[in-house]
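Every read-out reported here was derived from the displayed coordinates using simple, explicitly stated rules and does not represent laboratory data. Given the structure is predicted, the values throughout are model-derived calculations rather than measurements. Cβ coordinates were reconstructed from backbone atoms using ideal geometry, including for glycine residues, and neighbour counts include every protein chain displayed.
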Amino acid sequence: MDSRHPTRRTRRAFLQLCAATPATFVLAACAGQPAASPTPERAELAPPTNAPPTLASPMPTPPPPTPAAPAAPTQAAQAGALPPTPACGDDDEGTPAQTEGPYYTPNSPERTSLLEPGMAGTRLLVTGSVLTTDCRPVARALLDFWQADDTGVYDNVGYTLRGHQFADDQGRYTLETIVPGRYPGRTRHIHVKVQAPNQPILTTQLYFPNEPGNDTDRLFRPELLMEVQDAVDGKAARFTFVLQRVAEP
Ligand code: FE
């Protein structure tokens, strides 16, 4: 069945990373999460002993992507005046990695909308692309998002406000969610793991501009700011992920 369904193969491979990843990552990412933590900021701000994994992905080889035309180099500029991340083509710098924090839950459902009936909070539509440092779209890149709810609380039992998806053949993604609430020690943010096929996982966080908490959150990095605008029914944000590719054997 898997051979006929690259999405499932890719997802399974991603999930298999939990079993194939060094112990530090397994402990942080794959172990069951506590139902709640009274000191979330402390755990998330702790020195990142769970440093970003440097594993070689066992992900099966996906179907060859559509021959990639270089993405428009002005993509970031088109979305607004503030480039939210190191732009592709500038150099070999990619989107910075950040700590995973204590609230990642593996095996999230595949979905592009994290909205649920009755969910409180300001609607947020995040769109963007996954590109390589040489400006090529990463077809079928895996993106796994998780975030706090409107009151700053994570669902560590179920999968509320958690979900993974695959970018399209042009590396584009869309996420429907809400603006996450703040919690002690942390400014407003969204967690995400991004993985190109057969490439390492980038774990990072996305931030909101003009947040008072940005100045006091020592994890905050301006390179990870989304471009956020008011929309008819909430907010619309853009972010372009730039992934560094590692040499394949
Ligand atoms: Fe967090």
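In order along the stretch 218-225, the phi-based Karplus estimate (6.51 cos²θ - 1.76 cosθ + 1.60, θ = phi - 60°) of 3J(HN,Hα) comes to 6, 7, 4, 9, x, 5, 9, 6 Hz; Gly and Pro are listed as x.
Note down the net charge around TYR159, summing +1 for each Lys or Arg and -1 for each Asp or Glu among other residues with Cβ under 13 Å from its Cβ.
-3
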